[in-house]
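Report on the structure given below.
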Amino acid sequence: MKKNQSGVALLEALVGILIFSIGILALMGLQAQAIRNTVESKYRNEAAYLANQIIGQMWVDRTNLANYDTTTGSSTNMTNWEARVAATLPRVVVGGTNTPIILVAGNQVTVTVRWQLPGNDSVQRSYQVVAQINNS
């Protein structure tokens, strides 16, 4: 009778190790996802800060608002801002597909900042702000 039950404790130990290993792998996956979300949140925060920064410059320089439009105008402030965006956010190339865009239509300004996360991520992220800048 004892021969039929030999090795049961070893089998139980192996099943316990398997369950423990699956739990550890799940925790590692959760940690990796948390780090990815933290990095993505950091870049979204940076994009919001940069967009609001250029809108603040436009408020100060309201008389030259049309010069901030990236499709038609140019200004030193805009060029410096584009360089800051390229230096702060990953995979931003001024003049490329991830170029920050500023559109000015009358007193309405639309600022779009685009970037891609480092690594193999091919999804383009963007942050867009629309502001009304009055002359008074």
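The values are calculated or read from the model by the stated rules, or taken from the named source; none is laboratory data. All values reported here derive from a predicted model rather than from experimental measurement. Please note: Cβ atoms are built from the backbone with ideal geometry, for glycine as well, and neighbour counts cover all protein chains shown.
Residues that are exposed (fewer than 12 other Cβ atoms within 10 Å of the Cβ), more than 29 Å from residue 122 (Cα to Cα) and either aromatic (Phe, Trp, Tyr) or touching a helix residue (DSSP H, G or I) at 6+ places or on another chain (Cβ under 7 Å) (or both) do occur in the range 20-39, at least one of them. Taking the range 46-85 as the range and being of a type in the set (S, T, N, Q), outside any helix (DSSP H, G or I) and in contact with a helix residue (DSSP H, G or I) (Cβ under 6 Å, 6 or more places away or on another chain) as the test, only 75 passes.
Look at (1) surrounded by 17 or more Cβ atoms within 10 Å (Cβ to Cβ); (2) over 30 Å from residue 132 (Cα atoms); (3) among the aromatic types (Phe, Trp, Tyr) and you find that residue 115 fails only one, number (2). Each residue in the range 47-82 was checked for being buried (at least 16 other Cβ atoms within 10 Å of the Cβ), of a type in the set (A, V, I, L, M) and at pLDDT 85 or above, and 7 pass. Is it the case that the range 11-25 has a residue that's under 15 Å from residue 129 (Cβ atoms), in a helix (DSSP H, G or I) and at pLDDT 85 or above? No, because not a single residue in the range 11-25 is under 15 Å from residue 129 (Cβ atoms), in a helix (DSSP H, G or I) and at pLDDT 85 or above. The conditions of being surrounded by 12 or more Cβ atoms within 10 Å (Cβ to Cβ), among the β-branched types (Val, Ile, Thr), under 30 Å from residue 37 (Cβ atoms) and in contact with a Leu (Cβ under 6 Å, 6 or more places away or on another chain) are met by residue 85.
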